[in-house]
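Each remark here refers to the structure printed beneath this line.
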Amino acid sequence: MGKYFSKFPSVSYNGQLAKNILCRPKLQYDRFNSPNVFYDYTLPEEQRADVVANDYYDDPDYAWLIYLANGVVDPYHDYFLSETDFNLFIAKKYGSVNAAQNTIHSWVLNWAADKRELTPAAYTSLPGEHKKYWRAVVTDMYAEPIKYVRARDTHAVATNRSAFISVETPDDFTVGAFFTALDANGDEYAAQVETISGTTVGIKHIMGSISGDAYVQPADTLVEVVNIDPSESGYWAPLTYYDFEAAANAVKRNISMVNKQVAFQVEKDLKKVINS
């Protein structure tokens with residue numbers, strides 16, 4: 001990165017001469033429109049940008065070119081993190097890896113993990129509201145479906161269900177914490193506390209019934225919002241903060257590399273743009 005910032009203009013900061021790292025160069029010129037300038041590259045585990053630069057450009061200082069080509073502003077967070085660095089990042093942000101793995105971020109459709117296949121007859125017998133979760137498989141565009149598989153859909157909701165309940169002992173609850181209780185049938189359910197105001201507790205990520213349980217006195221729900229109908233819950237799954245961050249990190253593993261044959265010219269153009 002030192003070589004990258006060496007091209008930045010200097011400014012006076014607190015009476016000292018310093019590099020203006022807030023300068024954001026943007027290179028736009030005809031040769032970048034060529035498909036031969038960039039190529040896709042998937043980072044191996046534990047491979048830092050300076051290692052990639054040394055392997056490809058024969059110069060670790062060309063890490064700046066990798067950052068520039070991929071819009072990396074903060075190399076410590078915008079670049080792909082190894083498993084060790086990722087877990088350190090998670091622990092710092094969420095308190096611990098365990099906390100991130102046990103706290104729900106949102107609810108997503110679980111099509112990737114659902115490998116079921118339905119016959120046309122089984123699909124036809126589904127309740128109407130369930131059919132949107134499936135797609136037909138055909139041999140050609142004019143043929144009848146031979147089977148049905150889960151439809152690929154990245155739709156997500158913040159929570160499956162939320163509610164405000166009335167309780168007698170609000171001190172038993174902690175904002176952000178999960179609690180378990182028994183419903184009217186003696187079956188266990190779980191939910192996360194979102195807010196506490198007097199004897200009214202807001203809960204979300206409800207898994208199970210919330211009527212007739214020992215925590216609710218009287219045993220009723222004041223307000224309930226249902227984003228996912230319980231009859232369709234089998235098509236959804238909670239996404240933890242750990243998995244949410246892991247998916248975001250995985251995307252950063254696929255980067256663009258500037259062809260080494262134009263790297264020197266890009267360096268010259270960068271200096272010219274910054275100093276103009």
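The values are calculated or read from the model by the stated rules, or taken from the named source; none is laboratory data. Quick caveat: nothing in here was measured; it's all calculated off a predicted structure. Methodologically, a virtual Cβ is constructed for each residue, glycine included, from the backbone with ideal geometry; neighbour enumeration extends over all protein chains shown.
Key figures
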| item | result |
| --- | --- |
| Conditions (1) surrounded by 13 or more Cβ atoms within 10 Å (Cβ to Cβ); (2) among the small types (Gly, Ala, Ser); (3) over 27 Å from PHE178 (Cα atoms); (4) at pLDDT 95 or above: number failed by SER106 | (3) |
| Of all residues making up the range 112-137, the number that are surrounded by 10 or more Cβ atoms within 10 Å (Cβ to Cβ) and either within 22 Å of the chain's Cα centre (by Cα) or among the aromatic types (Phe, Trp, Tyr) (or both) | 5 |
| Selected residue (criterion: surrounded by the most Cβ atoms within 10 Å (Cβ to Cβ)) from residues of the range 37-60 that are of a type outside the set (Val, Ile, Thr), within 18 Å of ASP269 (Cβ to Cβ) and in contact (Cβ under 8 Å) with a residue 60 or more places away in the chain | TYR57 |
| Residues (in contact with a helix residue (DSSP H, G or I) (Cβ under 6 Å, 6 or more places away or on another chain) and at pLDDT 90 or above) located in the range 155-204 | ILE196 |
| Residue within the range 137-156 that is under 24 Å from SER209 (Cα atoms) and not charged (D, E, K, R) present | yes |
| Residue under evaluation HIS130, criteria (1) outside the structural domain of SER256 (by TED's automatic domain parsing); (2) at pLDDT below 95; (3) not polar (S, T, N, Q), criterion not met | (2) |
| Checking ASP171 against (1) of a type in the set (Asp, Glu); (2) surrounded by 14 or more Cβ atoms within 10 Å (Cβ to Cβ); (3) out of contact with any Gly (no Cβ under 8 Å at 6 or more places or on another chain), the condition it does not meet | (2) |
| In the range 138-157, residue nearest to MET207 (Cα to Cα) [restricted to those that are surrounded by 14 or more Cβ atoms within 10 Å (Cβ to Cβ) and more than 29 Å from the chain's Cα centre (by Cα)] | LYS147 |
| Total residues in the range 222-257, condition part of a strand (DSSP E or B), hydrophobic (A, V, I, L, M, F, W, C) and within 25 Å of ASN98 (Cα to Cα) | 3 |
| Qualifying residue in the range 67-81 (condition: at pLDDT 90 or above, under 19 Å from the mean Cα position of the chain (by Cα) and in a helix (DSSP H, G or I)) | no |
| Residue in the range 140-161 that is farther than 27 Å from LEU239 by Cβ, in a strand (DSSP E or B) and of a type in the set (Gly, Ala, Ser) present | no |
| From ALA100, ALA112, ALA136, ALA121, residue being in a helix (DSSP H, G or I) and touching a Lys or Arg at 6+ places or on another chain (Cβ under 9 Å) | ALA100 |
| Members of the range 68-103 that are of a type outside the set (A, V, I, L, M), farther than 30 Å from TRP134 by Cα and exposed (fewer than 15 other Cβ atoms within 10 Å of the Cβ) | GLY71, ASP74, TYR76, HIS77, ASP78, GLU83, THR84, LYS92, LYS93, GLY95, SER96, ASN98 |
| Identity of the residue in the range 128-169, touching a strand residue (DSSP E or B) at 6+ places or on another chain (Cβ under 9 Å) and of a type in the set (Asp, Glu), that ends up farthest from VAL108 (Cα to Cα) | GLU168 |
